[in-house]
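> Attaching a single structure in structure tokens format; questions to follow.
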Amino acid sequence: MKQLAWGLIGCGEIARKRVAPALRDFEDCDLVAVSRRRPELAESFATEFGARKWYAAWPELLRDQEIDAVYIATPVHLHADQAVAAAEAGKHVLCEKPMAMNVSECDRIITACRMNKVKLGVAYYRRFYPVIERVKEIIQSGEIGIPVLAQVNAFEPFDPEPTHPRHWLLQKDRSGGGPMFDFGCHRIELLTNILGPIAKVKAMTSKVLFDREVEDTAMALFQFERGACGVLSVTHAAREPRDTLEIYGSLGSIHVPVLNEGTMRVRDDQGERTEAHSPNSNPHAPLIKDFVAAVIEDREPAVGGEIGRAVAKIEAEIYGQP
């Protein structure tokens with residue numbers, strides 16, 4: 001197959017740091033066009049990353065017959081309409097996380113992609129972290145026995161000024177929620193990848209420090225179908241950042257102090273050891289590589305729409321949505 005021709009919808013921070021570089025540098029990708037509301041910024045972004053075209057309006061990009069697939073990197077409230085329109089235009093869809101504002105919107109996207117026979121992926125890139133694959137291998141080997149309890153902490157100090165480009169994350173009608181929705185979704189996907197489907201959810205959300213539309217702190221308690229329990233804590237309010245994963249089993253434990261770095265400690269009857277499993281320097285690169293392979297091989301992406309929907313369902317239970 002020829003290179004997969006891409007259009008990038010949205011040119012924000014993640015697009016600039018990770019998505020556009022991957023689409024530019026991966027040999028099976030051709031970054032054809034970008035769209036951004038302000039045409040002068042769209043043009044400068046396109047020039048910076050070697051895209052041949054730029055559009056101020058994303059529907060114009062979808063009408064470009066040269067484009068095979070789109071990466072949607074816009075605020076969450078736009079995902080469903082953009083993904084459905086892309087599918088109806090015959091474009092494969094790789095969508096930033098969270099997939100959509102709610103389960104109903106996820107269903108709209110999934111249905112549109114199926115009806116139009118295009119691939120659908122969601123950017124839960126931690127699915128491709130080597131350390132996560134290693135954690136799964138250790139659990140499956142029986143080394144730490146039966147998983148009993150998982151604990152995840154995700155703390156990112158965040159109190160942006162109204163002029164900050166990411167201030168939209170504090171606007172509930174655009175973001176869907178606070179840190180539990182924004183980056184808690186990553187950890188929900190991670191936990192279900194490791195421990196399987198979640199059967200029960202209890203949660204608390206709070207505005208501990210900031211007066212804003214969305215929570216600044218939240219906790220969720222999970223019971224997995226296989227029996228293990230999980231605790232997920234997220235916050236914008238704590239000064240000290242955290243990105244941890246700990247899994248305690250009947251015979252040992254696994255400790256990942258910084259998920260984005262990939263070093264972990266394993267404790268069992270033989271003592272303690274340290275292993276290093278660093279992620280790709282561009283975490284989005286393996287995600288995009290897998291998506292391109294899925295299109296070429298006519299298979300489902302490793303992180304497809306059903307995974308995005310499953311995360312959205314858990315988020316709905318956390319926030320008490322019907």
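The values are calculated or read from the model by the stated rules, or taken from the named source; none is laboratory data. Everything numeric here is computed off the predicted structure, so don't read it as measured data. Glycine also receives a Cβ, built like all others from the backbone with ideal geometry; neighbour counts cover every protein chain displayed. Only protein heavy atoms, including side chains, enter the accessible area calculation; ligands, DNA and RNA are left aside. Shrake-Rupley method; radii C 1.70, N 1.55, O 1.52, S 1.80 Å.
> Counting alpha carbon pairs within less than 8 Å and at least 6 residues apart, what relative contact order, in whole percent, applies to the chain?
Averaging sequence separation for qualifying contacts and normalising by length gives 19 percent for the chain.
> Helix 39-49: angle to the longest alpha-carbon principal axis of the chain, degrees 0 to 90, nearest 10?
The two axes meet at around 70 degrees.
> Continuing with this model, one more query. Taking 0.36 nm per intervening residue step and subtracting the Cα-Cα distance, what contour gain separates Asp25 from Arg265 on full extension?
Stretched out fully, the Asp25 to Arg265 stretch lengthens by 83.0 nm.
> Among Lys2/Lys117; Lys97/Lys313; Lys17/Lys136, which pairs are too far apart, with a Cα-Cα distance over 23 Å?
Check vs 23 Å cut-off fails for Lys17/Lys136.
> Mind checking which of Val234, Ala56, His186 is farthest towards the positive end of the chain's charge dipole, using Cβ charges of +1 (Lys, Arg) and -1 (Asp, Glu) about the Cα centre?
Ala56
> Now for a separate question. Return the whole-Å distance between the Cα centroid of the range 238-261 and the Cα centroid of the range 87-116.
32
> How large is ³J(HN,Hα), in whole Hz, for each residue of the range 188-194 in order, when computed from phi with the Karplus curve 6.51 cos²θ - 1.76 cosθ + 1.60 and θ = phi - 60°, using x for Gly and Pro?
5, 4, 4, 5, 5, 4, 7
> Excluding residues fewer than 8 places away in the same chain, name every one of the aspartates and glutamates whose C-alpha is closer than 12 Å to that of Lys202.
Glu315, Glu317
> Here's a follow-up. Counting other Cβ atoms within 10 Å, keep those with at most 13, restrict to DSSP loop, and tell me which trypsin sites (Lys or Arg not before Pro) in the range 218-287 are left.
Listed in order of number, the matching sites are Arg226, Arg239.
> Relative to the present Cα-Cα distance, how much length would full extension add between Glu297 and Glu240 at 0.36 nm per residue of separation?
Length gained between Glu297 and Glu240: 16.1 nm.
> Further, regarding this structure: As I understand it, the value is the acute angle between the Cα axis of helix 305-318 and the longest principal axis of the Cα atoms of the chain; what does it come to in degrees, rounded to 10?
On a 0 to 90 degree scale, this one is about 60.
> Turning to a different aspect of this structure: Solvent-accessible area of Ser250, probe 1.4 Å, all protein chains present, reported in Å² to the nearest ten, please.
70
> With each label point set 7 Å from Cα along the Cα-Cβ vector, what nm distance links Arg174 and Thr47?
For the pair Arg174/Thr47, the computed spacing is 2.7 nm.
> Using only the heavy atoms of the protein chains and a 1.4 Å probe, how would Arg37, Arg212 rank by accessible area, largest first?
Descending order: Arg37, Arg212.
> Also, quick follow-up: Considering the options Leu31, Ala80, Gly7, tell which one lies farthest towards the positive end of the dipole of the range 1-85, charges being +1 on Lys and Arg and -1 on Asp and Glu at the Cβ, about the Cα centre.
It is Ala80.
> About its Cα centre, what dipole magnitude does the range 126-221 give when the only charges are +1 on Lys and Arg Cβ and -1 on Asp and Glu Cβ, stated in debye to the nearest 20?
320
> Taking the Cα centre of the chain as origin, sum charge times position over the Cβ atoms of Lys and Arg (+1) and Asp and Glu (-1), and report the length of that vector in debye to the nearest 20.
Roughly 300 debye, rounded to the nearest 20.
> Further, regarding this structure: Just flag the trypsin sites (Lys or Arg not before Pro) in the range 162-193 sitting in loop per DSSP whose Cβ has no more than 16 other Cβ atoms within 10 Å.
Sparse-neighbourhood loop trypsin sites (Lys or Arg not before Pro): Arg166.
> Any idea what log10 I(q)/I(0) is at q = 0.14 Å⁻¹ for the chain, Debye with uniform C-alpha scatterers and no solvent?
Listed by q, the Debye log ratios stand at -1.12.
> As a test question: what accessible area, to the nearest 10 Å², does Lys2 have when a 1.4 Å probe is rolled over all protein chains in place?
130
> Where only protein heavy atoms count, and the probe is 1.4 Å, what is the accessible area per residue for the chain in Å²?
Value for the chain: 45 Å² per residue.
> Go through the range 212-223 residue by residue and turn each phi into a ³J(HN,Hα) via Karplus (6.51, -1.76, 1.60, θ = phi - 60°); whole Hz please, and just put x for glycine and proline.
Each residue of the range 212-223 in turn: 8, 5, 10, 5, 9, 8, 7, 9, 10, 10, 10, 10 Hz.
> Quick check for me: using +1 on Lys/Arg Cβ and -1 on Asp/Glu Cβ, what's the dipole size of the range 47-133 about its Cα centre, in debye to the nearest 20?
The calculated dipole for the range 47-133 is roughly 200 debye.
> When DSSP beta bridges are limited to those with both residues in the chain, what percentage is antiparallel, rounded to the nearest 5?
Percent antiparallel among DSSP bridges in the chain is about 55.
> Of Thr235, Thr244, Thr74, which has the largest mean-square fluctuation in a 10 Å C-alpha GNM of the chain?
Top of the fluctuation ranking is Thr244.
> Could you tell me what percent of the accessible area of the chain is made up of carbon and sulfur, with a 1.4 Å probe and every protein chain present?
Carbon with sulfur: 51 percent of the solvent-accessible area.
> Working from Cα positions, state the angle (0 to 90°, nearest 10) between the long axis of helix 284-297 and the longest principal axis of the chain.
70
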